Amino acid sequence: MQARKVLLFDGHGIKAAPSLNGGAWVITAFSDVCGLDKNTDARRFRTAVSKVSSLIDQREALTNFNLKTFLRAQTPDDLPIVGSLAGYPNVFLNVGHGTHGLGMSVGCSKAVTDLLLTGTMTEEVNAKAIDPARFYL
């Protein structure tokens, strides 16, 4: 399989790449702490389209929109919740990664695996910092 070309726009928080099925570009941009508000900021949308359309076919960039807003669970201290749930020793959480999901998912999954298999997390993980008990869970 051929590697996808990814465009990064430094200072704008914008990433763009052709979709896996071809024919379209996937543009990701901006992250805000906004509760459950899924409204889209038109100004930010115009900025993203403007930056990307300068490098790809303008007709494509300016005509094909499928705008979506996604919510990502994030904890107040910006650390995930990983470990067993108090009072329910067979329930394990691995949530709250926010925008760090891709970067933290492998390590946190390994921590949960170690916890399930050995009863403790690997030494590389600060188990206390990500313990569900810090939020009384």
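The values are calculated or read from the model by the stated rules, or taken from the named source; none is laboratory data. None of these values were measured; they are calculated from a predicted model. We place every Cβ from the backbone using ideal geometry, glycine too, and count neighbours over all the protein chains shown.
Among (1) at pLDDT below 70; (2) not in a helix (DSSP H, G or I), where does ASN94 come up short?
Result: ASN94 passes all but (1).
Can LEU116 be described as in contact with a strand residue (DSSP E or B) (Cβ under 9 Å, 6 or more places away or on another chain), in contact (Cβ under 8 Å) with a residue 40 or more places away in the chain and not assigned by TED's automatic domain parsing to the domain that holds LEU36?
no
State whether the residues of segment 68-83 include one that is assigned to a loop (DSSP other than H, G, I, E, B), more than 22 Å from HIS97 (Cα to Cα), at pLDDT below 75 and not assigned by TED's automatic domain parsing to the domain that holds LEU116.
No: zero hits.
Checking the conditions here, which among GLY107, GLY101 is surrounded by fewer than 16 Cβ atoms within 10 Å (Cβ to Cβ) and touching a Pro at 6+ places or on another chain (Cβ under 9 Å)?
None of the other options fit; the residue is GLY101.
Would you tally the residues in segment 107-124 being of a type in the set (A, V, I, L, M, F, W, C) and within 11 Å of ASN94 (Cα to Cα)?
3
Within segment 119-131, identify whether any single residue is modelled with pLDDT of 75 or more, under 25 Å from ALA17 (Cβ atoms) and either part of a helix (DSSP H, G or I) or not assigned by TED's automatic domain parsing to the domain that holds ILE14 (or both), and answer yes or no.
No, every residue in segment 119-131 fails to be modelled with pLDDT of 75 or more, under 25 Å from ALA17 (Cβ atoms) and either part of a helix (DSSP H, G or I) or not assigned by TED's automatic domain parsing to the domain that holds ILE14 (or both).
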